[in-house]
Amino acid sequence: MHYKQGLDNKQQILLSKALDEYIPQNSICRVIHAYTKDLNMNDLGYKYAKPNQTGNRPYNPKMMLNLYSYGYLHRVRSSRHLQAETTKNLEVMWLLNELTPDDKTIANFRADNTEALKQTFRAFTLMINGLDLYGKQIIASMAQNSAPTTSAKTTATPPP
């Protein structure tokens, strides 16, 4: 009896060009994107909400918020681990439009926007509770600065 054979790693294959086709319609990254796309980052107090006219262009704070939110929901806190996700996780690639900020940029975003992040997550919590999209446990863990535990109480389960 022979073993199952996969494709040869050097064999060329034809993949779809649209990254959107790989992301399920019910993916949490679509919820994150839908929430952040209409936020007024200036009103919330995000640094670089209005980019300077001179110097190197910063990353869009909405995109960085997408990355930070995705990492928080998936318990990826380290800026180095988040940076690694930008090159290997299709959902993160989709959220960031295939941009790959480095770990220092991610860490600076978090440090520079602490208060704005708190306000954003409070508003996100209210929206999720109002729409009844997810169990309140995941929102509570997202809104806190402490790392959530792995108990059954903090897992993301859709409401009955």
Among the residues of the stretch 47-56, write down those that are touching a Phe, Trp or Tyr at 6+ places or on another chain (Cβ under 9 Å) and either modelled with pLDDT of 90 or more or of a type outside the set (Ser, Thr, Tyr) (or both). Lys47
Within the stretch 68-79, which residues are without any contact (Cβ under 8 Å) to a residue 40 or more places away in the chain and crowded, with 16+ Cβ neighbours inside 10 Å? Gly71, His74, Val76, Ser79
Unique residue being modelled with pLDDT of 75 or more, under 13 Å from the mean Cα position of the chain (by Cα), of a type in the set (S, T, N, Q) and over 24 Å from Gln25 (Cβ atoms) when the list is Ser69, Ser79: Ser79
Please specify each residue of the stretch 14-23 satisfying the condition of being at pLDDT 70 or above and either assigned to a loop (DSSP other than H, G, I, E, B) or farther than 17 Å from Asn89 by Cβ (or both). Leu14, Ala18, Ile23
From the option list Thr120, Thr114, single residue qualifying as buried (at least 17 other Cβ atoms within 10 Å of the Cβ) and modelled with pLDDT of 85 or more is Thr120
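The values are calculated or read from the model by the stated rules, or taken from the named source; none is laboratory data. This is a predicted model, so every value here is computed, not measured. Glycine also receives a Cβ, built like all others from the backbone with ideal geometry; neighbour counts cover every protein chain displayed.
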